[in-house]
Amino acid sequence: MSHPALVPGAVAVVTGGASGIGLAAATAFAHRGLVVCIADVGDDRLAEAAAAVRAAAPDTTVLTQVTDVSRREDVDALAAAMHARFGGTDVLMNNAGVQPGSRMFGAEAVWQRVLDVNLWGVIHGCQAFVPAMIARGRPGLVVNTGSKQGITTPPGDPAYNVSKAGVKVVTEMLAHELRSIEGCAVTAHLLIPGFVFTPLTARGRTEMPPGAWTPEQTVASMMHHLDAGDFYILCPDNEVPRALDERRILWAA
Ligand code: NAD
C-alpha cells in the first residue's frame, strides 16, 4: 500500500531538491505522478534539476523556486506560492543541508550556518507549511532529513551532529503534535541516511566508495518505509537501529 499522500496529482515540495538525495526524491515523487516543486538556494542548478526530473517523468508538472531555508521569509514565500498555484501542499520534504565540517572550539560562524540551514531550515519548513496542511484536512506527509550522525553522534563535526540530533527531536515533537490532533491525516517521518554518495560527501572523489549508497537507493528505501507507515526511515545500517534501541526510542508508526 502506498502512503495516502503519495498519490497522483498531490503536490510535493522538496528543499535542497537540486542535488543528491533531494533530487532523487523529487524524481521518485514525480514518478508517482505528484506535482513537484524543487526548492533550492541559488538558481544555477535549478533548471538542470527540473529538466532531469521532467526527463524521468515527462507527464509531471515540475516547478522550481529559489529558496534559502535558513530565511523564514523565503520559506513563507515558498508555501504561499504553492498555496496560490495549487491551493496548498500535500508532501513536504525538509531536506536541504550543509556539512562544511566543524570543530568544537571552532568558528561560531560555521556553527551558526550549519544550525541555520540544517535545523532552523527544518523548523521553518514545519512552521510555514504544516498548519495549512492540517487545515486542508487531506492526507499529508512531512519527511525531515536527519542523519545517522544525529543518532550515533560519532566524534568529529559537532555542529553537524547537533543539527541532525535536533532534526530528530523536532520530527518527534511534530509527530506527537500531529497525533494529538483529532482527525489529522498528516504524518511526520525522519529519514536517517547512512553514507550516501552525493556532492555533500564526494569531497573530490569521483568513484563511489565501498559501502556508500546512491541517492536513488536511499530514496527507494525511503519510499518503501513510507509505504509501510514507518516513523523512522532507516537505511539498512545495523548501527542505527542498535543506537535507537539502546536509547529505547524505537517508535511504531
Ligand atoms: P547535496 O549537497 O547533494 O544536496 C544538498 C542540497 O541542499 C544542495 O542542492 C544545496 O544547494 C541545498 N542547500 C544547501 N543549503 C541550502 C539552503 N540554505 N536552502 C536551500 N537549499 C540549500 O547533499 P545530500 O547528500 O543530497 O544531502 C541532502 C540531505 O541529506 C542533507 O540534509 C544532508 O545533511 C543529509 N544527509 C546526507 C548524507 C550523505 O551521506 N550524503 C548522510 C546523512 C544525511
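The values are calculated or read from the model by the stated rules, or taken from the named source; none is laboratory data. Fair warning: this is a prediction, and the values are worked out from it, not measured in the lab. Virtual Cβ from ideal backbone geometry, glycine too; neighbours counted across all protein chains shown.
Inside region 161-177, residues that are in contact (Cβ under 8 Å) with a residue 24 or more places away in the chain and either more than 14 Å from the ligand (Cβ to nearest atom) or crowded, with 22+ Cβ neighbours inside 10 Å (or both) make up a count of 7.
Of the residues in region 213-229, none is of a type in the set (Gly, Ala, Ser), modelled with pLDDT of 90 or more, over 22 Å from Gly17 (Cα atoms) and touching a Pro at 6+ places or on another chain (Cβ under 8 Å). Filtered by the rule that a residue be crowded, with 24+ Cβ neighbours inside 10 Å, away from the ligand (no atom under 12 Å from the Cβ) and of a type in the set (A, V, I, L, M, F, W, C), region 11-27 gives a lone residue, Ala12. A search for C-beta distances below 6 Å between a residue of region 4-31 that is over 14 Å from Val143 (Cα atoms) and any residue that is among the basic types (Lys, Arg) and within 11 Å of the ligand (Cβ to nearest atom), counting only pairs 6+ apart in sequence or on different chains, returns Ala18/Arg45.
Name the residue that is nearest to the ligand (Cβ to nearest atom), counting only residues in region 33-48 that are closer than 12 Å to Val14 by Cβ and not aliphatic (A, V, I, L, M).
Residues of region 33-48 that are closer than 12 Å to Val14 by Cβ, as a first pass: 34-40, 46.
Going one step further and asking which of them are not aliphatic (A, V, I, L, M), we end up with 37, 40.
Values: Cys37: 12, Asp40: 5 Å.
Here the residue is Asp40.
Which residue pairs have Cβ atoms under 6 Å apart, sit 6 or more places apart or on different chains, and have a first residue in region 66-77 that is more than 17 Å from Leu115 (Cα to Cα) and a second that is more than 8 Å from the ligand (Cβ to nearest atom) and part of a helix (DSSP H, G or I)? Listed by first residue and then by second, the contacts come to Asp76/Ala128.
Matching residues to (1) aromatic (Phe, Trp, Tyr); (2) in contact (Cβ under 8 Å) with a residue 12 or more places away in the chain; (3) near the ligand (Cβ under 10 Å from one of its atoms); (4) surrounded by fewer than 18 Cβ atoms within 10 Å (Cβ to Cβ):
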| position | (1), (2), (3), (4) |
| --- | --- |
| Glu182 | no, no, no, yes |
| Ala185 | no, yes, no, yes |
| Leu191 | no, yes, yes, no |
| Leu200 | no, yes, yes, yes |
| Ala212 | no, yes, yes, yes |
| Phe231 | yes, yes, no, yes |
| Val240 | no, yes, no, no |
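Only one entry in Glu182, Glu207, Glu177 is outside any loop (DSSP other than H, G, I, E, B), among the charged types (D, E, K, R) and either over 20 Å from Ala5 (Cβ atoms) or over 15 Å from the mean Cα position of the chain (by Cα) (or both), namely Glu177. Could you go through region 42-54 and let me know if any residue there is under 15 Å from the mean Cα position of the chain (by Cα) and either farther than 20 Å from Ala132 by Cβ or not in a loop (DSSP other than H, G, I, E, B) (or both). No, the conditions are met nowhere in region 42-54. The set of residues in region 70-82 that are out of contact with any Asp or Glu (no Cβ under 7 Å at 6 or more places or on another chain), of a type in the set (Gly, Ala, Ser) and within 13 Å of the ligand (Cβ to nearest atom) contains only Ala77.
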